[in-house]
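What follows is a set of notes on a single structure, which appears directly below.
The values are calculated or read from the model by the stated rules, or taken from the named source; none is laboratory data. Only a predicted model underlies this, so the values are computations on that prediction, with no experimental measurement involved. Positions of Cβ are generated from backbone atoms using ideal geometry, with glycine treated the same way; all protein chains shown enter the neighbour counts. Protein only, heavy atoms only, side chains kept; ligands, DNA and RNA dropped before computing areas. Shrake-Rupley method; radii C 1.70, N 1.55, O 1.52, S 1.80 Å.
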Amino acid sequence: MKVCEIFASIQGESSYAGLPCVFVRLTGCNLRCSYCDTAYAYEEGREMPETEILKAVNSYGIKLVEITGGEPLIQKEALSLIGRILDNGFTVLLETNGSESIRDVDKRAVVIMDIKTPKSGMFEKMDLTNLKHLRLHDEVKFVVMDREDYEWVKEFIKDYALADKCKILLSPACGSLSPEVLSHWIIEDRLPVRLNLQLHKYIYGHDKRGV
């Protein structure tokens, strides 16, 4: 499969934020979100056999692995890779953009699935049948650009009873909405979500790759 990069860093998002993690970033994405911060993964990368990827993952000595992109599930070999990494005793997080089916993802993995808001420009690409495949240990992430986005997210959470299905993450879109403002809204509404702050950007800066 085509791999953009493999590296070790601090997990910056999700309920696993702050933990050492190995990232396997696969090449390619079928969406073009207005706030994308990994556009280099659209095309960059090289073909690697599964055995070479596994060897690289093992070399770091870290038991938490995230498969990300781009959109990893547009490469169907990603399903096999996830299973192989799990079989080797790792905890696997799969970060996916919500447009590809998660039905066949190994049930041992933790799915971290985006739901794109209207302001992302990509909501119409969402596969909402994915919601029925979520488990309680999975996570759904919304990137919020403004108050209108936030109000839409509130209604989505309510309409789909999302708090009963999985964990919910809300991220302020970098440069569009401040964490302080979003946290105020969450507290004011007693929303059952986790504020998601992209910890890696606070540690390493906004433009550094491979960290």
May I ask you to list the residues in region 121-138 that are within 14 Å of Ser101 (Cα to Cα) and touching a residue at least 40 places away in the same chain (Cβ under 8 Å)? Lys125
Whether any residue in region 108-119 is closer than 24 Å to Ile186 by Cα, over 13 Å from the mean Cα position of the chain (by Cα) and open to solvent by 10 Å² or more (accessible area, probe 1.4 Å) is what I want to check. yes
Quick check on Lys201: is it open to solvent by less than 50 Å² (accessible area, probe 1.4 Å), modelled with pLDDT under 95 and in a loop (DSSP other than H, G, I, E, B)? no
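How about region 134-148: which of its residues are open to solvent by 10 Å² or more (accessible area, probe 1.4 Å) and not hydrophobic (A, V, I, L, M, F, W, C)?
The answer is Arg135, His137, Lys141, Asp146, Arg147, Glu148.
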Filter region 85-107 down to residues that are part of a loop (DSSP other than H, G, I, E, B), open to solvent by less than 60 Å² (accessible area, probe 1.4 Å) and charged (D, E, K, R) and give me whichever is farthest from Pro20 (Cα to Cα). Glu100
So in region 149-173, with the set limited to residues that are in contact with a helix residue (DSSP H, G or I) (Cβ under 7 Å, 6 or more places away or on another chain) and farther than 21 Å from Glu100 by Cα, which one is surrounded by the fewest Cβ atoms within 10 Å (Cβ to Cβ)? Ala163
Which ones in region 170-182 are outside any loop (DSSP other than H, G, I, E, B) and out of contact with any Leu (no Cβ under 8 Å at 6 or more places or on another chain)? Glu180, Val181
Return a yes/no flag: does region 136-145 have any residue that is farther than 18 Å from Cys174 by Cβ, at pLDDT 95 or above and not in a loop (DSSP other than H, G, I, E, B). yes
Per the list (1) in contact with an Asp or Glu (Cβ under 8 Å, 6 or more places away or on another chain); (2) among the hydrophobic types (A, V, I, L, M, F, W, C); (3) open to solvent by 10 Å² or more (accessible area, probe 1.4 Å), residue check on Met122 breaks on (1)
